[in-house]
1. So what is the calculated 222 nm ellipticity per residue for the chain, using -39500 (n - 2.57) for each DSSP H run with n of 4 or more, over all residues, to the nearest 500 deg cm²/dmol?
2. Along the Cα-to-Cβ line of Gln70, 7 Å from the Cα, sits a label point; which residues in the range 39-53 have backbone N less than 15 Å from it?
3. Sorting Met94, Met166 on the 10 Å Cβ count, fewest up front, what's the list?
4. Peptides 102-110, 52-60, 137-145: what's the order by average Cβ count within 10 Å, highest mean first?
5. Under 1.5 on a/c is rounded, so check that first for the range 145-221, then, if it is not, pick prolate when a/b is larger than b/c and oblate when it is not; a ≥ b ≥ c are the square roots of the alpha carbon gyration tensor eigenvalues.
6. What list do you get for Asp72, Asp43 if you sort them by fewest beta carbons within 10 Å?
7. What is the angle, in °, between the Cα long axis of helix 2-26 and the longest principal axis of the Cα atoms in the chain? Nearest 10 is fine, range 0 to 90.
8. So how do Arg100, Arg134, Arg191 line up by other beta-carbon neighbours within 10 Å, fewest first?
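Each value in this text was obtained by applying a stated rule to the coordinates, not by laboratory testing. Computed from a predicted structure; not experimentally measured. So basically every Cβ, Gly included, is an ideal-geometry build from the backbone, and we count neighbours across all protein chains shown.
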Amino acid sequence: MTIISRLIQCAFLALFISCTSTSEERKELPFLGNKYTEEVIVDGVKKLDTVYHQIAPFSFVNQEGEAVTQNDVLGKVYVADFFFTSCPTICPIMKTQMLRVYEKFKDDPEFLILIHSIDPTHDTVELLKDFSERLGVPDASTWNFLTGDQEQIFEIGQTSYLTTAMEDKNEVGGYLHSGAFVLVDQQGRIRGVYDGTKESQVDRLMNDIPKLLKTEDELES
């Protein structure tokens, strides 16, 4: 089970990172996940419209004890990942890399970070608050450490963010999750997936974030 899970995780991560690398050459970001077309009527004329994969509605609680829902991220660019505070393997590396992202974009009001604990029984609001402060994040204005119903967190990780987030007693720490940093645009669509354990991939992420922020600015101008 563990080997199969790791193979699936690596396959998804390799595919998405490949798409992201290709997008760098095109200087525009792809839309990741399933998509379909539907018929719409515009000014009385039937047209085909492409519907892209989007993050499903959610409601979790951050380190300040405040509810965070899809409405709070609508219209903003954000990066999401999954972790647990007692993780003995890749989480410390991921948090070090996410700190780089935070330091670069923390003053942009149109940018957020959402990280989801897959061990919400242990990772209470109080513990996440202490964890975030020790990491150097004083509040949730940019970086939200989320907890909530475990099954809902597993589900949104695997079906919406298309990453690995699950309980696995055979794993060190009792959980299995990927090191993916998922980049989501203003309409809840996945535009890139990056290996959060590799500095070069996080460099690429930091290069891609302004592309989405700029796109929104251009739409408003």
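1. Values: 6 runs with 83 residues, N = 221.
Computed ellipticity for the chain at 222 nm equals -12000 deg cm²/dmol.
2. Counting backbone N atoms under 15 Å from the label point, the list is 51-53.
3. Met166, Met94
4. 137-145, 52-60, 102-110
5. Working: a/c = 3.43, a/b = 1.76, b/c = 1.95.
It is oblate, given that a/c is not under 1.5 and a/b is not larger than b/c.
6. Asp43, Asp72
7. 40
8. The order, fewest Cβ neighbours first, is Arg134, Arg100, Arg191.
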